[in-house]
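Below is one structure, written out as structure tokens; comments come after it.
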Amino acid sequence: MSEVLDKLYEIILQRLEKMPENSYTAELVKKGKGYIARKVGEEAVETIVASLYEGRDRFISEAADLMYHLWVLMAVEGVKPEELYAELKRRMK
């Protein structure tokens, strides 16, 4: 699982560096950290709604959106996946 998330983070970093015109990630970053944080909140709410009312497939789709936006926010904050993994491992003790 972490391989997928690590690859996603790598792609996000590439988009932040190159800022291609046709990149949704670049578009998010241009709008600023506050916008990205709001998108994380929006996707969290959509994930909750999907869980309660829209079924498994919709929940999976919304959870993926939430993870993507959270990873973009992490990149903007300079937080690496390894740091998140370390915190989760610490909490499992």
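FYI, it's all coordinate maths here, none of it is from the lab. Please read all numbers here as calculations on a predicted model, not as lab measurements. Backbone-built Cβ (ideal geometry, glycine too); neighbour counts: all protein chains shown.
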Exercise for the section: May I ask which of Lys18/Lys80; Lys39/Lys93; Lys18/Lys89; Lys7/Lys89 have a Cα-Cα span longer than 25 Å here? Expected result: Lys39/Lys93; Lys18/Lys89
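DSSP loop GluC sites (Glu not before Pro) in the chain with at most 15 other Cβ atoms within 10 Å of their Cβ, which ones?
Working: sites: Glu3, Glu10, Glu17, Glu21, Glu27, Glu42, Glu43, Glu46, Glu54, Glu62, Glu77, Glu82, Glu83, Glu87; in loops: Glu21.
Those satisfying the criteria are Glu21.
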Fill in the blank from the handout: Answer in debye to the nearest 20: the dipole magnitude of the chain about its Cα centre, from +1 Lys/Arg and -1 Asp/Glu charges placed on Cβ, is 300
Exercise for the section: Taking only Cα atoms and a 10 Å spring cutoff, compute GNM fluctuations for the chain and point out the largest among Leu52, Leu16, Leu28. Expected result: Leu52
Exercise for the section: Starting from the Kirkwood radius over alpha-carbon pairs of the chain, derive D by Stokes-Einstein at 4 °C in a medium of 1.567 mPa s and give it in µm² s⁻¹. Expected result: 92
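Once you have the Cα-Cα distance between Leu52 and Glu17, take 0.36 nm times their residue separation minus that, and quote the gain in nm to one decimal. Spell out each step's value before the answer.
Working: separation 35, 0.36 × 35 = 12.60 nm, distance 3.79 nm.
Separation in residues times 0.36 nm, less the Cα-Cα distance, equals 8.8 nm.
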Problem - Farthest toward positive dipole pole in the chain [+1 Lys/Arg, -1 Asp/Glu at C-beta], among Leu88, Leu28, Gly55 - result: Leu88
Fill in the blank from the handout: Only helices counted: for the chain, with every DSSP H run of 4 or more residues adding -39500 (n - 2.57) and the sum spread over all residues, [θ] at 222 nm is -26500 deg cm²/dmol
